[in-house]
Every structure is written in C-alpha cells, then in structure tokens.
Amino acid sequence: MIVELGHFTLILALAVALVQSTVPLIGAEKRWAGWMAVAGPAATLQFLLIGFSFAALTYAFVTSDFSLRLVVMNSHTLKPLIYKISGVWGNHEGSLLLWVLILALFGASAAWFGGNLPVALRARVLAVQGMIGVAFLLFLLLTSNPFLRLAEPPFDGEDLNPLLQDPGLAFHPPFLYLGYVGLSMAFSFAVAALIEGRVDAAWGRWVRPWTLAAWVFLTIGIALGSWWAYYELGWGGFWFWDPVENASFMPWLIAAALLHSAIVVEKREALKAWTILLAILAFGFSLIGTFIVRSGVLTSVHAFANDPERGVFILLILAVFMGGALTLFALRAGAMEAKGVFSMVSRESALVLNNLLLAVACFVVFIGTIWPLVAEMLWDRKLSVGAPFFNAAFTPFMIGLALVLPIGALMPWKRGQGGRVLPHLRAALVLSLALGALAFAMQTGRSALGPVGLALGAWVVFGAATELWVRSGRGNLAGRLGRITRLPRADWGKATSHAGLGVTIFAVAAINAWALEDIRVVQVGQSFPIGAYEVTLADVRDVQGPNYLSTMAELQVTRDGQAVTTLYPEKRLYPVAGMPTTEAGIAYGFWRDIYLVIGDPQEGGGWAVRSYIKPFANWIWGGALLMAFGGMLSLSDRRYRIAAGARRTPAGVPAE
C-alpha cells in the first residue's frame, strides 16, 4: 500500500509542477498578485509529495519488499542496513528520484527564504523551477519508474553493485546531487531575469548565495568521490579523469566562475551578459553530466545506466532548456548593458581573467571527455583520452589561476595600480619561493613538480592571509589583529576557500612527484623495503563477511626495527552479485599514507602485493574541505542571507 501511495504522490507532484510552471508565470506577466502567490505553496507541496514518494521507496528497500523490481535488482536480505538505504539511490531510477527530490527542495527553499525577492521575480524563478520539475518527473514516470511491480516476486534480491557498498558512496551521491541540482536555481534566476529584461546589482546579490550553496555541496561531493576512488578501487590514485568524474568537475569549474562574475554584477553592474551566460552554462553542464552518467554513451566504473532511449530523453531536456534559455539570452542581450567601466588594472579585470581561465579549463575537460564519442560517431574510430592529455592541457590554466588569485584579490575596484598592490605581497612571494627552493634542495634526482607545486600552493595560501592582513588597516599589531577578527564572515570565507585551493594544489603536486610505488610477489613470512619502511607479509587467510567472502592479508610495517602499523588489505567476492572488489589497507597519516594492496596468488607460490607511500595524500581532501568550509562561512554572513540594497516595491503593488 505504501509503495502504491508513493507512486501516486509522484504523479500528483507532476500535476502540481505543471501548475507551478504556468500559473505564476502568467500572473507575473499580467501583474495578478493572486496567481503569483500560487508559486510558493505549489513549490512546497511538490516537495512534500516527492518527499513522501522517496520515503515510500526507502521503506521498500529497508523492509526488503521484493515485489518491487528495483529492490530485487539492487538489494539483498543479508546486506547491512546502511547499504539497503544507500541502495535507494545506488541505481538509475532511485537516484533520479533523489534528483527530483533535491530539485523540489531547492524550489521550496526559494519559496521559504525568498521573502526579500520582488514578487514577480520570485514567481518567475519558481515557475522555471517548476518547468524543470515537469521535465524530470516526466522522464522519471515515463522511462524510469522506480515503483514497477513484479508478478512473481523472488525470495531474495540480486544485491547492490559491490563497489557501491561503501560509506563513501553512501554519502557521495546526495552531496553531489545537492550541487548538481542546486545550480538549477542559478539557471532559474537567469531565465527569470531574461524574461523581465532586467539584470542589476540586486540580482547579482540574490543569485550568489544559491550558487555558493550549490558549489559548496558540489565541492564536498567531488571530494567524497575522490576519497572513495582512492581507498576503494585499489589503484592508489585520487583522480582518474573518468567521464563521470569529469561530469561533476565541469559544472564545479563553471560555478566557481559564476560566483566570481556575480560579484562584479553586484559591485559594479558590469559583466551582466557574461554572468547570465555562465548561470545558463552551469546548469547546462549539470544536464550534460546527467546525460553522461545515464545514457551509456561513455563507459565508466560508476555510471548508472546504459539505455540509449533514456539518453535521448535527457538530450531532449538539454536541448529544450539550453536552447530556450540561449535563445532568450540572444533576444535580451541589448537589455544587459554594463553600467560600470573599469581599467585593465583593476579587480574587475582580474575577475575577468579568473573567469576566462576557469571557463577555458572547463572547455578543455569537456573536449577531452566527449572526444572519444565524437571520433566514434564521425570517423568510426575508438579512441581513449586519458590522464596525459588532461594533465598537459588542464594544468597550465590552474597554474595561471593560482598566480593571479592573490594579486586580483587585493586589486581595488575600477582602477588600480600594480605598484601599490605588489608590495603587500612581497613577503608572501619570498616565503613561497623559499619553500619551493628548500624542497628542491632536499630532493634528489626528481622532477621539479613537487617544489613548483609547493611554491604555487604556498603563494595562494600566503596571498589569502595577506589579503586579511591588508583589510585590517593600519596601526599597531594588537589593533590590526582585533580588526581581523571583526572582519565580515564573507571575507574570512573567501580567504579560507582560496587557502584551501592552495593546499590542494600543493598536495596534488606532492603526491604526483614524491609518491613511491612497489609491485612484487611476496611469500608468507617474507619482508621487503619501500622507502624508509619495511613490510612483512605475516599471513593470508579466508574471512567470512556479512554478505561476502574475503581473502585477507596481514601486513606488518616497521621502521628502523620499530612497529609502525599492521594493515589488513582484502580481496572480496560478493557471491550474489558474482563480483570481486579490492579493499586496500591504508595507514592514514598527516604527512604520508602507507597504502598496501593484496593481489592474486601466484603459480609459483606467494602473493602479488602492491605497496605505495603517498605523501600529503590527506591534504588533498583537507584542502577541498577548507574550500567548502570557506563557502559555508560566507553563506553564514548576513549580507548573503538578505538582499541588502535591494529595490523595494511599495506595499500593495506587485513588483515587475
């Protein structure tokens, strides 16, 4: 009964979304206050209906209701409860239901917290959100219904993909979708502004918190996915330029550009057309990511579906929304004249350069991701674009971004002078170069990647600290430190996010430059060195898990004869799914990780063992969390939560 109600409420949600997408839009055009007032309750009701539907599907998974086709294909009675719950979104249909739930949540949030918006703009924003909801609810109900029943339910299910039975993958998709789908709010604000034909400083202020929230969630989601790939896949890497990884990374880059561009709209009423275009493209890349994950046109270790018919439906959604928005953008281009002018040396110019670097970097990733598909379609050639291309083509833009970031952050608006800004950064530059030189002097026979990465990352971190120091004004040390603590949270958030980027840049360079790797066949009881450590294969035994069989190794790690740790890497086999997985044994450390993987038994005896020393590995995710924390700090600033300086409408008169 509960499952049937879940299906029914999903159909009702579609009906409500249809009302939400039409009635407020007509009301805004006709200036009918009553019709515009429908938007808020409709958004809330849509969220509640989809929320009940999602809860019904979750109930079916938790209770192992094998009369439901989706539960049979993605669950099993022996599976731990956390993976029964994560199994709800560990498949195409359930994850798409989560997608529309989060879409409805953002629409409802705009209704709940959008009281400062002009009535007509709020109605149009919610109407556009409703249109997106209609498209994806139709997609869900027509091609991906999660509530399909089986005439003859089996006694047990087929289990969830073993790779997804992991805490990292339990939390990774919800955060990723909060970022992906959250960018729909920026899109809705952009389309609503284009319909009104007006983009001003208040609009820039309104769109920023929604974009920032989506960017924060996307940052956390990407970091969780990277961490999962590092410890679960057993390859010892944190990023593989997989198509699905790129699918989330591209909107992250565009959202970062949009955040910086919206600042110029808010402060100087410039870059209006470019900012609107970025808002459209950010959501467009989210839709492209949805297509990559769910169409099967590109293979990935964690793609959800391989049904071309579903891919065509998503392409149709992409064409309708992107085509419609870009057409409207072309028609309204004349209404987005820039009011603020600025010189080549100014914060505006630095932000323009920032945007260009991020946008071109995103374009490079996009080309590398879809090129195999284009080559197969046009020339019937199967190509593979891997890490060497992405590293060579993408890295220069990130280096340029890191070099510009501290300088641009200190530039004054409208017109600046490099001679006044650069002296403030002299200490940061000297310290960064000194650290890079020290690293270069300490290493022997290795590439310059590590020292250069250290210098570049330190430059960004020290630059962020310098910005806070400069904003504290003049005076004695105690007075300046006191003023730093009283700076707005948005300033602290920006500095924290920039510092997080610097930490990540250094950590990525360090792990690529200084990691050690050893692959060999080892007999039980045999020892071998790696770096400053010695590893001994003490034992290999079979272990029974709750829903898997495991071959577990015991590897003892010592340094200078002193015990450091004992690790237990595994090779698991999930009998129901018939699929093996690798569980690495990792000793996490602040300065380095010891990473050990047990392989297959060898014909001549012994076991294949892969060993890695990963310096500063955890700094990668620490830097990502710093970026996300900086975003949350900025969101907590009161100036982000209200439309300060917004144009007010006289009481009783509907706003245009």
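The values are calculated or read from the model by the stated rules, or taken from the named source; none is laboratory data. As the structure is a prediction and not an experimental result, all values here were calculated from the model. Cβ sites come from the backbone with ideal geometry, for glycine too, and all protein chains shown count toward neighbours.
In a helix (DSSP H, G or I) and closer than 19 Å to G493 by Cβ, is that true of V452?
no
Of the residues that make up the range 77-86, is at least one part of a helix (DSSP H, G or I), among the aliphatic types (A, V, I, L, M) and surrounded by 20 or more Cβ atoms within 10 Å (Cβ to Cβ)?
Here is the first cut: in the range 77-86, the ones part of a helix (DSSP H, G or I) are 81-86.
Those still in the list that are among the aliphatic types (A, V, I, L, M) too: 81-82, 85.
Now narrow it down to the ones that are surrounded by 20 or more Cβ atoms within 10 Å (Cβ to Cβ): none.
No, there is no match, as no residue in the range 77-86 is part of a helix (DSSP H, G or I), among the aliphatic types (A, V, I, L, M) and surrounded by 20 or more Cβ atoms within 10 Å (Cβ to Cβ).
Tally the residues that are of a type in the set (V, I, T), touching a residue at least 60 places away in the same chain (Cβ under 8 Å) and in a strand (DSSP E or B), restricting the search to the range 520-558. Of the residues in the range 520-558, 5 are of a type in the set (V, I, T), touching a residue at least 60 places away in the same chain (Cβ under 8 Å) and in a strand (DSSP E or B).
Of all residues in the range 561-591, those being modelled with pLDDT under 90 and either surrounded by fewer than 14 Cβ atoms within 10 Å (Cβ to Cβ) or assigned to a strand (DSSP E or B) (or both) number 11.
If you check L140 against the conditions, is it under 14 Å from L98 (Cα atoms), crowded, with 21+ Cβ neighbours inside 10 Å and in contact with a helix residue (DSSP H, G or I) (Cβ under 7 Å, 6 or more places away or on another chain)? When the stated conditions are applied, L140 passes them.
Residues in the range 362-384 that are modelled with pLDDT of 80 or more and either within 22 Å of the chain's Cα centre (by Cα) or closer than 15 Å to F240 by Cα (or both): C362, F363, V364, V365, F366, I367, G368, T369, I370. Suppose the filter is at pLDDT below 90, assigned to a helix (DSSP H, G or I), touching a helix residue (DSSP H, G or I) at 6+ places or on another chain (Cβ under 6 Å) and not basic (K, R); does V421 pass it? So V421 passes the test. The criterion of being touching a helix residue (DSSP H, G or I) at 6+ places or on another chain (Cβ under 8 Å) and of a type in the set (K, R) does not hold for R541.
Based on this model, can you work out whether G90 counts as under 28 Å from the mean Cα position of the chain (by Cα), under 16 Å from D159 (Cβ atoms) and in the same structural domain as E158 (by TED's automatic domain parsing)?
Values: under 28 Å from the mean Cα position of the chain (by Cα): yes; under 16 Å from D159 (Cβ atoms): yes; in the same structural domain as E158 (by TED's automatic domain parsing): yes.
Spelling it out, G90 is indeed under 28 Å from the mean Cα position of the chain (by Cα), under 16 Å from D159 (Cβ atoms) and in the same structural domain as E158 (by TED's automatic domain parsing).
Give the range 483-538 a look and list any residue that's of a type in the set (S, T, N, Q) and surrounded by fewer than 20 Cβ atoms within 10 Å (Cβ to Cβ), or say none. Walk me through it before giving the result.
Here is the first cut: in the range 483-538, the residues of a type in the set (S, T, N, Q) are 485, 496-497, 504, 512, 523, 526-527, 536.
T485, N512, Q523, Q526, S527, T536 - these are the residues of the range 483-538 that are of a type in the set (S, T, N, Q) and surrounded by fewer than 20 Cβ atoms within 10 Å (Cβ to Cβ).
Of everything listed in (1) closer than 24 Å to I263 by Cβ; (2) surrounded by 13 or more Cβ atoms within 10 Å (Cβ to Cβ); (3) out of contact with any Phe, Trp or Tyr (no Cβ under 8 Å at 6 or more places or on another chain), the single unmet condition for S343 is (2).
Considering only the range 120-131, state which residues are under 15 Å from A42 (Cα atoms) and of a type in the set (A, V, I, L, M).
Applying the first criterion (under 15 Å from A42 (Cα atoms)) to the range 120-131 yields 122-131.
Those that are under 15 Å from A42 (Cα atoms) and of a type in the set (A, V, I, L, M): A123, V125, L126, A127, V128, M131.
The selection criterion, being assigned to a loop (DSSP other than H, G, I, E, B) and either touching a residue at least 40 places away in the same chain (Cβ under 8 Å) or more than 24 Å from the chain's Cα centre (by Cα) (or both), holds for G475. Summed over the range 600-614, residues that are surrounded by fewer than 20 Cβ atoms within 10 Å (Cβ to Cβ) and of a type outside the set (A, V, I, L, M) total 8.
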